[in-house]
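The values are calculated or read from the model by the stated rules, or taken from the named source; none is laboratory data. Everything quoted here is computed from the prediction, not taken from an experiment. Every residue, glycine among them, receives a Cβ derived from its backbone with ideal geometry; neighbour counts consider all protein chains shown. The area values use the complete protein model at the heavy-atom level, side chains included, leaving out ligands, DNA and RNA. Shrake-Rupley method; radii C 1.70, N 1.55, O 1.52, S 1.80 Å.
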Amino acid sequence: PSEVKLIASIQGKDLFKSYCASCHGQDAKGKGPMAASLKIPPSNLRRISIRNHDVFPLMRVEKIIAGEDLPTGHGSSEMPVWGPIFSRVTTDVDLGRVRIDNLARYLRDIQDMK
């Protein structure tokens, strides 16, 4: 991830497609083209609310994306930590938190209902 270039868009859907879909899949269900090569299968990101009693934990998801709150119980995390990548300062603007928030809100908006 340290060599990953930032895309111009800061929209959540675009960020997901560029940085997350290779593992989590275009549909966010955990079946991306890289999923089979991982030791720990990527989670189905469309079921975050269901796993949290029908509440989307926006702040926790933002912390996970940023690398501030890595999920436990998996051993070492294979998920790239995007906070430092998203926070690269370009043209004197730090949009890292905006990117993280937009990505987390996109995930909130695509949640499956029971």
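Side notes on the structure shown:
- With contacts taken as Cα pairs under 8 Å at a separation of at least 6 residues, the chain carries a relative contact order of 30 percent.
- Charge dipole (the chain, unit charges on Cβ, about Cα centre) - positive-most of Ile85, Pro57, Val98: Pro57
- Which labelled figure in (1) 1.23; (2) 1.08; (3) 0.95 is Rg/Rh (Cα atoms, Kirkwood Rh), once derived from the coordinates: (3)
- Listed by chain and number, the lysines whose alpha-carbon sits under 22 Å from that of Lys31, ignoring those within fewer than 8 places in the same chain, are Lys13, Lys17, Lys39, Lys114.
- Charged-residue dipole, Cβ positions (Lys, Arg, Asp, Glu), the chain about Cα centre, Debye nearest 20: 360
- Less than 5 angstrom separates the built amide H of Lys31 from those of Gly25, all sequence-distant by 5 or more or on a different chain.
- Calculated [θ] (222 nm, deg cm²/dmol) that DSSP helices of n ≥ 4 give over the chain, each run adding -39,500 (n - 2.57): -9500 deg cm²/dmol
- Most mobile listed residue (Val55, Val81, Val98) in the chain, GNM with C-alpha springs under 10 Å: Val55
- Which of Tyr106, Tyr19 is most accessible, then next, and so on - probe 1.4 Å: Tyr106, Tyr19
- Across Lys63, Lys39, Lys13, mean-square fluctuation computed from a Gaussian network of the chain (C-alpha pairs under 10 Å connected) peaks at Lys39.
- Gain in span if fully extended, Ser22 to Gln111, counting 0.36 nm per residue against the direct Cα distance: 30.2 nm
- Ranked from largest to smallest solvent-accessible area, with a 1.4 Å probe on the protein heavy atoms, Ile65, Ile10 come out as Ile10, Ile65.
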